[in-house]
Amino acid sequence: MPSGRFKSRSFRRVRVKTPGGRTELTFRRRKPSKARCSCGAILAGVPQGIPSRVNKLSKTEKRPERPFGGELCPRCMRARIVERARG
């Protein structure tokens, strides 16, 4: 029977084979959803992981090195820069 904190579905159930040959049920945290742009596109280069682990990554591993990196997709970024240049 799982411990009380593992009964919620915020933990996913993963079957892991132990060195002894048994298959054991372990509980791991679910990953959050993928980072998205305001237009709805999935952001490339942004890690999808548990926040406590993502925070331990270096700054350059957390988001792409470009203007609006980790906030806007490349298409929206280009549109925003062109818009600012015009205005």
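Just so you know, all these numbers are worked out from the coordinates, no wet-lab data involved. Bear in mind that the values here come from a model prediction, so they are computed numbers and not experimental data. Glycine also receives a Cβ, built like all others from the backbone with ideal geometry; neighbour counts cover every protein chain displayed.
Grab every C-alpha pair in the chain, bin the distances at 10 angstrom width from 0 up to the longest one, and report whole percents.
Taking all Cα pairs of the chain, the binned fractions are 15, 29, 24, 18, 9, 4, 1 percent.
Go through the chain and name the trypsin sites (Lys or Arg not before Pro) that are in a DSSP coil and have 12 or fewer other Cβ atoms within 10 Å of their Cβ. Present the calculation step by step, with values, prior to reporting the outcome.
On the way: sites: ARG5, LYS7, ARG9, ARG12, ARG13, ARG15, LYS17, ARG22, ARG28, ARG29, ARG30, LYS34, ARG36, ARG53, LYS56, LYS59, LYS62, ARG75, ARG78, ARG80, ARG84, ARG86; in loops: LYS7, ARG9, ARG22, ARG30, LYS34, LYS56.
Qualifying residues, ordered by number: LYS7, ARG9, ARG22, ARG30, LYS34, LYS56.
For the chain, compute the number of Lys pairs whose alpha carbons are separated by less than 30 Å, excluding pairs fewer than 8 positions apart on the same chain.
Counting lysine pairs in the chain gives 13.
If I build a Gaussian network model for the chain, linking alpha-carbon pairs within less than 10 angstrom, which residue out of VAL46, VAL16, VAL54 has the largest mean-square fluctuation?
VAL16
Obtain the nm distance between the two label points defined at ALA35 and GLU65 by a simple spin-label model: each point lies 7 Å from its Cα along the Cα-to-C-beta direction.
Reported label-point gap for ALA35 and GLU65 is 1.6 nm.
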